[in-house]
Amino acid sequence: MRRQLFKIADSVRLPSKSNMLAYQFTTWEEDFELCEVPTPEPGPGETLIRVAGAGVCHSDLYLCDWPRSMLPSYDLPFTVGHEITGWVEETGPGGSDLEAGTAVAVYGAWGCGACGQCAIQSENYCENAAEVVASGPGRPGLGRDGGIAEFFLAPMSHHLVPLPPDLDPVEAAPLTDAGLTTYHTIRQSLDHLDEGATAVVIGVGGLGSLAIQILRALSGAQVIAVDIAPARLEVARRHGAHQTVLSGEDAPGVIREMTAGRGADLILDIVGTDDTLSLAVSAAAIRGHITVVGIGPGSFPMGYLQVPRGLSASTVFWGTISDLAEVVALAGTGAVKSDTETFSMQDASLAYQKLREGSLEGRAVIVPHGPR
Ligand code: NAD
Ligand code: 9ON
Ligand code: ZN
Ligand code: ZN
């Protein structure tokens, strides 16, 4: 049984090998806290990972911002951070075959391993997800200990994906969720992106900036990026967006002009509010497809007379382990690159503050052992 030792108010810590720093969700509806906790030891089947980088995702903010009633009944405290890369440190009996020092990405959408979706390697769509969270392995950083700590304990070795030699493990951290989710989304929608097609990305944050690059790498589609922040539209252009549009009431009309009146064939709503979903529907082409990626609270009316003919819509949840291996390989070729802004453990709160106020320049990645 793990035990929280004490909360650290500043950078002072106990000089002990058996303790480590961990950034934890300790109290419902309150901000996370830097704590000192026992360093985990790998038991049977487990692998201890020395964390290289742990990405800061917008979904983490929901943990402390949303009322407790909207979240699963997690056991607190736990270490946050679900975008994890690192090096194999130590393996328990029957744990990973990977040698100590191997750089790995951690797949975080853990499933039950027994249902129909898990049987077809779609753990992200596990049919027993509620039980996995309530009484099973849970998900790292989302109910059980995650990666914003000096070490991370991986319970199952098949969740460790080796990184290509030229890929910096710190830069690779956002690929484990921001990259994985957008790669999965785009890969399964490629049949909407024939020659001459248009894809729209709404929300150019951590996920959106990777989505633009993945769209450019996997398709010949015209890519239009939409954001409320002009600075993010500059980022979108740098990552290969052909056109950019400021979010607002005029945006659907502007997108129609950019597509000779047809509208967009694929729209990724990476925000998910009423406004962005309404924009997505208004900008969609006949037989277009909307994928809702953002976990905003919005919805849109779906009725025969309310949407373009032939419109389809879906949601996504992370991606599969093979999607993770593929996006990591793509990044290894240099076709996709995460913009990262690194923070020490002591500055983890600052990273979340900057995410909340929208002032990050790249995906925030906490580097518990400092840059390599
Ligand atoms: P982020 O904070 O890095 O980026 C959000 C971006 O959206 C920012 O650039 C912001 O300016 C922009 N934005 C906000 N309101 C907008 C509006 N009305 N119109 C256009 N742009 C707007 O967030 P992130 O970490 O990239 O996460 C994005 C969303 O994806 C979050 O809701 C997160 O919870 C969700 N998410 C979903 C999955 C999944 O599996 N479905 C996985 C990871 C993250
Ligand atoms: O990966 C994320 O950011 C989301 C999908 C996490 C939500 C969850 O509970 O797994
Ligand atoms: Zn996430
Ligand atoms: Zn399952």
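Rule-based calculations on the coordinates, nothing more; no lab input. Just so it is clear, the model here is predicted, and its values are computed rather than measured. We place every Cβ from the backbone using ideal geometry, glycine too, and count neighbours over all the protein chains shown.
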**Prompt:** Say the dipole of the stretch 29-156 comes from +1 at the beta carbon of Lys and Arg and -1 at that of Asp and Glu; which of Gly136, Val51, Ala100 then lies farthest toward its positive end?
**Reply:** Gly136
**Asked** If you build a Gaussian network model of the chain, linking Cα atoms that sit under 10 Å apart, which residue out of Asp275, Asp97, Asp323 swings the most?
**Response** Asp97
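Using a 10 Å cut-off on Cβ atoms, rank the peptides 243-249, 285-291 from the highest mean neighbour count down.
285-291, 243-249
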**Complete:** One finds the C-alpha centres of the stretch 14-57 and the stretch 297-357 to be spaced, in Å, by 24 Å
**Complete:** Lys and Arg at +1, Asp and Glu at -1: neighbours of Arg356 with Cβ under 13 Å from its Cβ sum to -3
**Prompt:** To the nearest 20 debye, what charge dipole does the chain have about its Cα centre, counting +1 at the Cβ of each Lys and Arg and -1 at the Cβ of each Asp and Glu?
**Reply:** 280 debye
**Asked** Any idea what the relative contact order of the stretch 108-231 is, in percent, if you count C-alpha pairs under 8 Å spaced at least 6 apart?
**Response** 16 percent
**Asked** What does the charge dipole of the stretch 110-170 about its Cα centre add up to, to the nearest 20 debye, if the Cβ of each Lys and Arg holds +1 and the Cβ of each Asp and Glu holds -1?
**Response** 160 debye
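Let's see if you can work this out: charge +1 on each Lys and Arg Cβ, -1 on each Asp and Glu Cβ, no other charges. What is the dipole magnitude of the stretch 222-367 about its Cα centre, in debye to the nearest 20?
On the way: 11 positive and 16 negative charges, 66 e Å.
Computed charge dipole of the stretch 222-367: roughly 320 debye.
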**Prompt:** the chain: percent of C-alpha pairs farther apart than 29 Å?
**Reply:** 40 percent
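Quick one: net charge around Ile286, please, counting Lys, Arg +1 and Asp, Glu -1 for every other residue with C-beta under 13 Å from its C-beta.
On the way: positive: Arg256, Arg262, Arg287, Arg309; negative: Asp265.
Once positives and negatives cancel, what remains is +3.
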